[in-house]
1. Sort out which residues of the range B:9-52 are of a type in the set (Lys, Arg) and closer than 23 Å to B:LEU67 by Cβ, and write them in order of number.
2. Are there any helices (runs of 4 or more DSSP H) wholly within the range A:29-138 with 1 or more residues that are open to solvent by less than 10 Å² (accessible area, probe 1.4 Å), and if so which?
3. Identify the residue in the range A:1-13 that is in contact with a Leu (Cβ under 7 Å, 6 or more places away or on another chain) and either closer than 11 Å to A:SER150 by Cα or without any contact (Cβ under 8 Å) to a residue 12 or more places away in the chain (or both) and, among all such residues, is surrounded by the most Cβ atoms within 10 Å (Cβ to Cβ).
4. Got a number for residues in the range B:36-63 being of a type outside the set (Phe, Trp, Tyr) and in contact (Cβ under 8 Å) with a residue 60 or more places away in the chain?
5. Show the residue pairs that are 6+ apart or on different chains and have beta-carbon atoms under 9 Å apart, the first residue being within the range A:90-105 and more than 12 Å from chain B (Cβ to nearest Cβ), the second being not in a helix (DSSP H, G or I) and not basic (Lys, Arg).
6. Kindly indicate whether A:TYR52 is touching an Asp or Glu at 6+ places or on another chain (Cβ under 8 Å) and within 14 Å of chain B (Cβ to nearest Cβ).
7. Determine, yes or no, whether B:GLN20 is under 30 Å from B:CYS130 (Cβ atoms), in contact with a helix residue (DSSP H, G or I) (Cβ under 9 Å, 6 or more places away or on another chain), in contact (Cβ under 8 Å) with a residue 40 or more places away in the chain and more than 14 Å from chain A (Cβ to nearest Cβ).
Protein chains: 2
Amino acid sequence: MKTFFGSPGTVSGLLLRIVQCCFAAASIGTMASASIGTASAFRFSNYTAYCYLVASMGLQVLWSTGLACLDAYALRMKRDLQNPLLVSLFVVGDWVTATLSLGAASSSAGVTVLYARDLDFCRQQPHLPCSRFQISIILAFVTWFFVAASSLVMFLLVASV
Amino acid sequence: MKTFFGSPGTVSGLLLRIVQCCFAAASIGTMASASIGTASAFRFSNYTAYCYLVASMGLQVLWSTGLACLDAYALRMKRDLQNPLLVSLFVVGDWVTATLSLGAASSSAGVTVLYARDLDFCRQQPHLPCSRFQISIILAFVTWFFVAASSLVMFLLVASV
């Protein structure tokens, strides 16, 4: 099995997982902080798309943390994680989480664009934390970008067997 | 180069492209028909997410029609389309259109769920053609599914070289 940038059990792989985890956690944090001190009607929990974003990013944090721990263990114990069965499992997990992340980020972006641009609701209702929602969505898109990179590497590894 | 179900220049490949084209065209048609006989405020062109869906499905129709014509030509002339450069071009095009389709379908779904569920706007405003929007989005998701299948086949073809 070849070794690419971001392969499991390598330093670059560990770094990629940590970056995914950080951006996903930052996205959840920003979305949650938008609810602090705002009226209950303007909280993210009232919007299905934003709840889906938080759930999807939560799943991403769990998945990336798990794989980061596995990478750290493999590096410390000098174990090889590149066996076909394990990489096949990683490729399925990465593709599922990447699809969910893109879907969640896009649906939230659809709602935010509707409020900020189509209905001009963000200007009319200054209490709505639109900018926080936007930052959270941008962070989710960045997370998706890094997960897509991981998925591609995993797919190349499986295909190169 | 191996031959998989849906490979370029095969009958299954041609069928897959025709199916993609039909579903994408049906999605645009349903969205456009939702604007007929409704007040201008309720037309899809007022919503960025729905405009993006129509644009993305339009691009999909062009891409799938082009590749369907190429498949039909290859089948008729008994030409082999499976050279690495051509398949690399197909894989990039398929991945870009698949990502755009998923993004467009998800963002439109976000807006529709907001109106139908979170705000209960579809029941309060019976003039809003919510059911047409929903059908169009479902057709877009089906299109994405078939484009994702094509992308996967193309990727396997490139990786198997």
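The values are calculated or read from the model by the stated rules, or taken from the named source; none is laboratory data. Just so you know, these numbers come straight off a predicted model, no measurement behind them. Note: ideal-geometry Cβ built from the backbone for every residue, glycine included; neighbour counts use all protein chains shown. We work out accessible area using only protein heavy atoms, side chains counted, and drop any ligands, DNA or RNA first. Shrake-Rupley method; radii C 1.70, N 1.55, O 1.52, S 1.80 Å.
1. Residue satisfying the conditions is B:ARG17 alone.
2. A:48-77, A:84-113
3. The qualifying residue surrounded by the most Cβ atoms within 10 Å (Cβ to Cβ) is A:PRO8.
4. Count: 7.
5. A:PHE90/A:PRO8; A:PHE90/A:LEU81
6. no
7. Values: under 30 Å from B:CYS130 (Cβ atoms): yes; in contact with a helix residue (DSSP H, G or I) (Cβ under 9 Å, 6 or more places away or on another chain): yes; in contact (Cβ under 8 Å) with a residue 40 or more places away in the chain: yes; more than 14 Å from chain A (Cβ to nearest Cβ): yes.
The answer is yes for B:GLN20.
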